Every structure is written in C-alpha cells, then in structure tokens.
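In what follows, a single structure is set out as structure tokens and then discussed.
The values are calculated or read from the model by the stated rules, or taken from the named source; none is laboratory data. Fair warning: this is a prediction, and the values are worked out from it, not measured in the lab. Counting neighbours? That spans all protein chains shown, and the Cβs are built from the backbone with ideal geometry, glycine included.
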Amino acid sequence: MSETPEIAEPAAPLLEIRGLTVALPEGGDRAFAVEKIDYVLNPDEILCVVGESGSGKSVTAHAIMGLLPKPDLRIAAGGILFKGRNVVTMAEAEQRRLRGHRIAMIFQEPMTALNPLMRIGAQIEEALEIHTDLGKAARAARVVEMLAAVGLPNPEEIRKSYPFRLSGGQRQRVMIAMALALKPDILIADEPTTALDVTTQKQILDLIKAIQRERRMAVLFITHDFGVVAEIADRVAVMRHGRIVELGAAEQVLNRPSHPYTRALIGALPHGRPADKPAFAPAAAPILAARDVHKVYRVAGTRVGGRRELVVSDHVNLDIHPGETVGLVGESGSGKSTLARTIVGLVKPDGGRIDFAGADLVALDREGFRPYRRHVQMVFQDPYASLNPRHTVGDIVAQGPVAYGTPRAEARARAAELLRLVGLEDSAVARYPHEFSGGQRQRISIARALAMEPKLLIADEPVSALDASVQAQVLKLLAEIKERLGLAMLFITHDLRIAAEICDTVGVMKLGKLVEIGPAAEVFGSPRHPYTRALLDAIPGQGWAPPQDHGGS
C-alpha cells in the first residue's frame, strides 16, 4: 500500500494589511486617505497596486514603512502585520530596525531620494553601517557587488560618483541596489519607472523580476500603468478614493475586470496602434521646414579627458504642414526637446535653417524673433513649474495677448472663453494654479498657448506625468482643438503608444539624429530602423491585448 504524499502547507503571508485606515487633516476633500483596506503579500509574489493619483497607493506604502508625515497623516484604525507582528504598535526604534533591513523601498524620483552631496557608495554604505557588523572594506566590497548586480557599468567608478553624474535609469538602478543591499524580505517599488524611457523602463522591470525570482522576495509594486501590470504582476489590487475596488489574480483583473473603474482605467490606456484614419495628405507647403539644424554642447569631461562635445541635434531635417501632427519619439538625450526649444527660440542652434512664415528663425536676433513668437507656442511637461503661482489663471492666460497689445478687458474675456474651451468652469478665471489638479493645470497651459492664436503648437511631453484617464482626456482635447482650429502640432513623447494614437507622422530620434520618419502607420507597422524596432519591442505589456468592452466608470 503506497503512502499518501504529504501536501505542503501554503506559506504564511509575509505582510497582512487588516482594515487599514489613514486619516487626513480636517477640511480635506475626504476624511481618509486610505479606508478599511485589506490585502496580503505572500512570499515569492509580485502584487501590483494600481490606481490614479489620490487613490491611496503611496500612502499605504508609506504607512507600511512607518514614513507617514506626522501629524498630517495618522493611522486611525487597522493593522499592518509583518510575519505576524503588528508594525503599527511597534516602538519607533523597532520600526527603524525593520525599515530598510527587512522591508525596503524604491521611490519614484531617485534624484530627490538620493543625497546630492554624498557619493553613491557612501549612501549605500550608510545602511550597511547601521544594520550590519561589516567592516569598512567589506562594506565597500558589498557596495561594488550590489552595483554590479543591478547591471551598472564600471561599478567602482559609480561608487565614487555623485548622483548628478548619472542618468535617470542609472540613478534608479542605484536606488534598487541600495534597497537590496540588506537582502530584505519585501521590496516596495513606488512608481519606479513612470518617468523613464520605454527601453530603460523595460530594463528596470526585467531587473526587478530577475532579482525577485533569484531572491524569492515579495514585491509590492505601485503603478498607474496597466501595461506594466501585464508585464510583471502575479496579483493586482485596484484602488480608488482610498478603497480597494478590485483584487485578484493578474490574468483575471487584466482580461475579465469586474469593477467599472478597473474597466475605465484599462480603456484609457493608449493602445499603441496607429489611429484608424486616412494617411495625412498635405494640402499646402510646410508651415515649418527645418533644414540641417545642428546643435553641440561642450561639457566637462573626466580629469583625464578634459572637455568633450555632446551632439544633441545632428543635422536634422523636418517638415510640419498645416493641420498635421508630427510626433518625435526617442529616449532621454535623443535631442527631441532641444529641437523643440530651437524652434521656439529658447536654444540657439550652431547651424542650419528653420523656415517659418517666410523667415529663417535661426538668423533672427531676439527682437527680430518677437513677431513670430506668438505664432509658435509651447506646452511644457510640468505645467506647475511653468505657471506663475502668484497670478490668477485668468491673468496667466491673458498675459501673452496683453504683452502684444490686446486691451486687458478683451484679453480677459478671451481667456474665459478659452478656459471653457479646454473644459474648465467659469470660476477658473479667478483661481490660482495650486487650486487645480495636474490634469487641470495642463489644460490651463493649453489655454495659455491658444490665447496667442498660434499657427504651430509644440507639446513637449504634455501628458507623461498624468494618470491614464486624465492623459486620455488631454490627448482627446489636443486632437479636438487641432481639428477645430486647423493647427499644426509637434508632439514630443517617449511613450510610443501615445504617439501611435495621436500623430499623423512620426519621427524617431537617437543621439541627435532623426533615424526614421514617415506616416505613423508605416513607422509602427513596418519599422525600417533597428532602433525603432527596439523601442517598439520595449513597450510594456506586449503580450496582452486589453479587452474590447471596457464599460464605463
């Protein structure tokens, strides 16, 4: 008689969130940042927490780490159990021993999380010195080992570098190395790839998956991008207004979402396929023709190498026709924004021509450029940084026309009209930028640009920092305004899914060169250049096709 094989008991959860409620200060939009949420994180699992800004994702992560800003936010009810022990009731010293050692966190913006005055190696060593008995030489060796483990080249050189010397992707790898140096049981990653290029994002996602498999860690991954969820998640929790509205296996949530909000988020995700519309056929000569534009920066090199040249625009040729949306895609440092700033006169190129409305903009001095500036307007990536916090929104939108001689009353009336056009209420005129959400501030930036009645609108990464649903709204708004006013538009983005959706023509830039340009359907359907194919292959969630019936919110 054969023996009945023993069935292994499932491993106990590493982390249990039980009825967690985090109170907000009085007078806010709601009483709780997080309200009565429950979920578990198991060993050897990646749990993605998805939701828009304000949903409570990051607040939950900071509560787990004991990093809630006191007294503004406080845990009002519930518990956070790590291996059965309640973190909430632990003494501060005990929480500190847990933080970084057993539970580590990667933050969204590494430049603000790294000390700009300390070398990379010293910052990683700091945690080792606090939590281990390693001597100085052993700590230095561990730092080099961790930097090599996350795929950084020349780890010894990077150990001695300051954060500003590294690229965004390299800084994020340093944050991962720092988080993993103490071999934690749980890694919390708070939007670690949101601001990264698509290829760098893929590298970071692959790295986190590989390290998680190798070390059998639990990972709590916070994101608002369902493409990222499709790439890495085992389970998914969807949050809205501080509550979990859906929780389940990744396959279930991605392909058969049950909650209307989940379906709405998936429906708002750019699909990455060129819009189903006829190819753009120019009806007139280009409104802008860039010819042989080049720009070189002289930057400081190493102690040995001295100064070196950085080519950011390498003899670029580009045409934009009335009514056409031309997209520029590529990684950071490819020269996209430099070309845009050259067109609006913020950067002086070293050579070439930019013909616009019968004039070569490159040849004009500051005063000569002024009459053309109103016809070429720019919408920037960070609307909050580009809006004066001391002025009302009405004054901000009216400021440009007033500077060009429009009577103030007329400009204010036009500002109110434009704010309605971009979907804001009449009360917006008298309010200040800080009183609006990120998506609303981007709408204000668009209204300000339109106030000058431009012929060419340049949008430089205008939606990269926005939630998926707000992103979809702004993209739809830009398309409608372009159609209604007959504008030409130069749209700069590192997200190829967005470029496919909104652009007629797409140009791909790499290291200052325009390596491919053509109709969107051709560039995305049958790319000619290996770099274009590499960018397309790096889009997260390649193997996942969102369900067609997304429902409503």
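Descriptive notes on the structure:
- Filter pass, ALA359 being closer than 19 Å to LEU490 by Cβ, out of contact with any strand residue (DSSP E or B) (no Cβ under 9 Å at 6 or more places or on another chain) and either surrounded by 19 or more Cβ atoms within 10 Å (Cβ to Cβ) or in the same structural domain as VAL515 (by TED's automatic domain parsing) (or both): yes
- Each residue in the stretch 240-264 was checked for being among the hydroxyl-bearing types (Ser, Thr, Tyr), under 23 Å from the mean Cα position of the chain (by Cα) and over 18 Å from ASP467 (Cα atoms), and 0 pass.
- Out of HIS391, HIS321, HIS375, one residue alone is out of contact with any Leu (no Cβ under 9 Å at 6 or more places or on another chain) and not aliphatic (A, V, I, L, M). It is HIS391.
- Summed over the stretch 179-192, residues that are in a loop (DSSP other than H, G, I, E, B) and in contact (Cβ under 8 Å) with a residue 40 or more places away in the chain total 6.
- Test: residue in the stretch 105-113 that is of a type in the set (D, E, K, R), over 30 Å from SER464 (Cα atoms) and either touching an Asp or Glu at 6+ places or on another chain (Cβ under 9 Å) or surrounded by fewer than 17 Cβ atoms within 10 Å (Cβ to Cβ) (or both): no
- Of all residues in the stretch 505-535, exactly one satisfies the criterion of being buried (at least 21 other Cβ atoms within 10 Å of the Cβ) and part of a loop (DSSP other than H, G, I, E, B), namely GLY512.
- Test for ARG373: is it among the basic types (Lys, Arg), in contact with a Gly (Cβ under 9 Å, 6 or more places away or on another chain), farther than 23 Å from ILE481 by Cβ and modelled with pLDDT under 90: no
- Of all residues in the stretch 40-66, those being assigned to a strand (DSSP E or B) and surrounded by fewer than 19 Cβ atoms within 10 Å (Cβ to Cβ) number 1.
- Checked against the criteria, ALA268 does not count as surrounded by 14 or more Cβ atoms within 10 Å (Cβ to Cβ) and either modelled with pLDDT of 95 or more or touching a Phe, Trp or Tyr at 6+ places or on another chain (Cβ under 7 Å) (or both).
- Selection status of VAL174, under 30 Å from GLY78 (Cα atoms) and buried (at least 24 other Cβ atoms within 10 Å of the Cβ): no
- Of all residues in the stretch 102-155, those being under 24 Å from THR200 (Cβ atoms) and outside any loop (DSSP other than H, G, I, E, B) number 19.
- Enumeration of residues in the stretch 483-495 that are surrounded by fewer than 20 Cβ atoms within 10 Å (Cβ to Cβ) and not in a loop (DSSP other than H, G, I, E, B): GLU483, ARG484, LEU485
- Breaking point among (1) more than 17 Å from THR325 (Cα to Cα); (2) under 19 Å from the mean Cα position of the chain (by Cα), for ALA472: (1)
- Criterion violated by LYS348 - all others in (1) in a loop (DSSP other than H, G, I, E, B); (2) surrounded by 12 or more Cβ atoms within 10 Å (Cβ to Cβ); (3) free of Cβ contacts under 8 Å to residues at least 60 places away in the same chain satisfied: (2)
- Looking only at the stretch 67-101, and only at residues there that are touching a Gly at 6+ places or on another chain (Cβ under 6 Å) and not in a strand (DSSP E or B), the one that is modelled with the highest pLDDT: VAL88
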